[in-house]
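Presented below is the structure to which this report refers.
The values are calculated or read from the model by the stated rules, or taken from the named source; none is laboratory data. For clarity, every value in this text was computed on a predicted model and none was experimentally measured. Please note: Cβ atoms are built from the backbone with ideal geometry, for glycine as well, and neighbour counts cover all protein chains shown.
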């Protein structure tokens, strides 16, 4: 009889947690794969690097002309080729660190996969193809084509710097997340909900920009569940051990 009561209590607690007032779309732990994150992030850094490089090479062009030129380069197979190159780099990186399936375990593994996966070389060759195709199609003239080819290193250098900067930001972001988690735990031990809430909101903001690493996300999920359990209990820390254990498993 007692086992049935405990089971019923766990099921009720589970239902209460699942029906909390958080909007699932704004959840700090949206489901997103590392592959999607890397593909999106690296693409943004490449896109930005091309922007900077084109402005440096063609300072007399107006903003609209720069955008049009870049769009034409991207439309001639460049973006599709980069997406394929990023995927291949990720797969190669996982294989190199012994993770044939699943996700990277830390940011350094991702950084090494991108660095050694030949992405910059792919950008180099794809730029050549895009420049030749746009030139042959009459979208850009010979002078612009030659200028882009001769100054291609400027574009590649900016892309490489952007990628390194992004990973540097990721490492800093992960450090911040670790600090916020530790601060939250300390406030939880002291039963100081105001301080917990401040750290939780910082954690919430930082996680939106952090690459999804399962170890970090798992710990953050537990904090999220316990935090909202206390919040939905009127900020009252008088919760049962069963509720805490359940929140750690969800």
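Computed values, structure above
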item	result
Residue 120, sole failed condition from (1) in contact with a helix residue (DSSP H, G or I) (Cβ under 8 Å, 6 or more places away or on another chain); (2) free of Cβ contacts under 8 Å to residues at least 60 places away in the same chain; (3) more than 20 Å from residue 169 (Cβ to Cβ)	(3)
Selection within the stretch 206-232 - touching a helix residue (DSSP H, G or I) at 6+ places or on another chain (Cβ under 9 Å) and either assigned to a loop (DSSP other than H, G, I, E, B) or free of Cβ contacts under 8 Å to residues at least 40 places away in the same chain (or both)	206, 209, 210, 211, 212, 213, 219, 222, 226, 230, 231, 232
Restricting the stretch 96-112 to residues that are part of a helix (DSSP H, G or I) and within 22 Å of residue 177 (Cβ to Cβ), the residue that is farthest from the chain's Cα centre (by Cα)	112
Single condition residue 151 does not satisfy, out of (1) surrounded by 17 or more Cβ atoms within 10 Å (Cβ to Cβ); (2) within 27 Å of residue 53 (Cα to Cα); (3) touching a helix residue (DSSP H, G or I) at 6+ places or on another chain (Cβ under 6 Å)	(1)
Enumeration of residues in the stretch 186-196 that are part of a helix (DSSP H, G or I) and touching a residue at least 24 places away in the same chain (Cβ under 8 Å)	188, 193, 196
Odd one out for residue 142 among (1) touching a residue at least 12 places away in the same chain (Cβ under 8 Å); (2) assigned by TED's automatic domain parsing to the domain that holds residue 61; (3) surrounded by fewer than 18 Cβ atoms within 10 Å (Cβ to Cβ)	(1)
Qualifying residue in the stretch 177-192 (condition: buried (at least 16 other Cβ atoms within 10 Å of the Cβ), closer than 30 Å to residue 49 by Cβ, touching a helix residue (DSSP H, G or I) at 6+ places or on another chain (Cβ under 8 Å) and not assigned by TED's automatic domain parsing to the domain that holds residue 47)	yes
Filter result for the condition that a residue is farther than 30 Å from residue 213 by Cβ, assigned by TED's automatic domain parsing to the domain that holds residue 118, assigned to a helix (DSSP H, G or I) and at pLDDT 85 or above, over 93, 53, 77, 81	53
Matching option when the condition is at pLDDT below 90 and either under 33 Å from the mean Cα position of the chain (by Cα) or over 20 Å from residue 39 (Cβ atoms) (or both), among 155, 119	119
Conditions (1) in a helix (DSSP H, G or I); (2) at pLDDT below 85; (3) under 30 Å from residue 125 (Cβ atoms): number failed by residue 16	(3)
Hey, residue 135 part of a helix (DSSP H, G or I) and over 23 Å from residue 80 (Cβ atoms) or not	no
Unmet criterion (only one of (1) in contact with a helix residue (DSSP H, G or I) (Cβ under 6 Å, 6 or more places away or on another chain); (2) in a loop (DSSP other than H, G, I, E, B)) for residue 236	(1)
